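Notes follow the structure.
The values are calculated or read from the model by the stated rules, or taken from the named source; none is laboratory data. Quick caveat: nothing in here was measured; it's all calculated off a predicted structure. Cβ sites come from the backbone with ideal geometry, for glycine too, and all protein chains shown count toward neighbours.
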Amino acid sequence: MTNNGEAHGGPVMCPGCGTGDTVPVAEVRRGKDQIRLALAPNTTGDGCANFVEGTVIAGLVACGGAYYADDRGWPWLLPAGIVAALLVMVGTVAVIRSEGKDKRRVRAGADRAAGAAAGARFCSECDGVFFPSGGPWAGVATPERFRHHAWTAGGYGDQLDEKAKAAAEEQV
Ligand SMILES: [Zn+2]
């Protein structure tokens, strides 16, 4: 029985170090690497927590205004506190709206990012990503470069951190 490995799901050699001990990027399970190889920003946080936070802060601001207005005999502080509280609420809503927009963009582009990442494998020896097919680069690139590649394909490359943005200049 012959088995050349690759076609039958056997080991795929890393072009960097030659080890066959590589895994598809999608199967990387170690927390740190999983985050570095994520195809999209973490969108598990929901606007709800922001809203609660904003409401609490706004409430504190308003109460603070009311308290000092009474305590110090500064009646003008109460309306000022209410205005400040309203501004906090407006700010909170703006943050939630922009986050919602970012998330929608990520959802809309997720398939494109997955397509761009298809076939990518991770070599923990090199701490890098390569495409057996030759893909967008022939060698082994950093996880940051990979993230840049996937997120840009998905149309949300602007949500990358600075390190990943800079990785686009990497020579592979
Ligand atoms: Zn390697």
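In the condition set (1) part of a helix (DSSP H, G or I); (2) of a type in the set (D, E, K, R); (3) exposed (fewer than 15 other Cβ atoms within 10 Å of the Cβ), Arg145 is compliant with all but (3). Checking the stated criteria, Pro15 turns out not to satisfy the condition of being surrounded by 11 or more Cβ atoms within 10 Å (Cβ to Cβ), more than 11 Å from the ligand (Cβ to nearest atom), more than 23 Å from Lys165 (Cα to Cα) and more than 22 Å from the chain's Cα centre (by Cα). More than 16 Å from the ligand (Cβ to nearest atom), within 26 Å of the chain's Cα centre (by Cα), polar (S, T, N, Q) and not in a helix (DSSP H, G or I): does that describe Asn42? The answer is yes for Asn42.
Residues in segment 143-170 that are out of contact with any helix residue (DSSP H, G or I) (no Cβ under 6 Å at 6 or more places or on another chain) and within 14 Å of the ligand (Cβ to nearest atom): Phe146 alone.
Please verify whether Gly128 is more than 12 Å from Arg36 (Cα to Cα) and at pLDDT 95 or above, treating the condition exactly as stated. Spelling it out, it is not the case that Gly128 is more than 12 Å from Arg36 (Cα to Cα) and at pLDDT 95 or above. One residue stands out among those in segment 128-142 that are assigned to a loop (DSSP other than H, G, I, E, B) and of a type in the set (A, V, I, L, M): the one that is nearest to the ligand (Cβ to nearest atom), which is Val140. Within the option set Glu162, Glu125, being more than 20 Å from Arg29 (Cα to Cα), surrounded by fewer than 19 Cβ atoms within 10 Å (Cβ to Cβ) and not basic (Lys, Arg) holds for one residue only, Glu162.
Among the candidates Val93, Val61, Val56, the residue that is at pLDDT below 95, part of a helix (DSSP H, G or I), away from the ligand (no atom under 16 Å from the Cβ) and surrounded by 17 or more Cβ atoms within 10 Å (Cβ to Cβ) is uniquely Val61. Which condition breaks for Val93 when tested against (1) among the aliphatic types (A, V, I, L, M); (2) closer than 30 Å to Gly154 by Cα; (3) free of Cβ contacts under 8 Å to residues at least 12 places away in the same chain? The one condition Val93 does not meet is (3).
Once segment 64-90 is narrowed to residues that are touching a helix residue (DSSP H, G or I) at 6+ places or on another chain (Cβ under 9 Å) and closer than 20 Å to Asn50 by Cβ, the residue that is surrounded by the most Cβ atoms within 10 Å (Cβ to Cβ) is Ala85.
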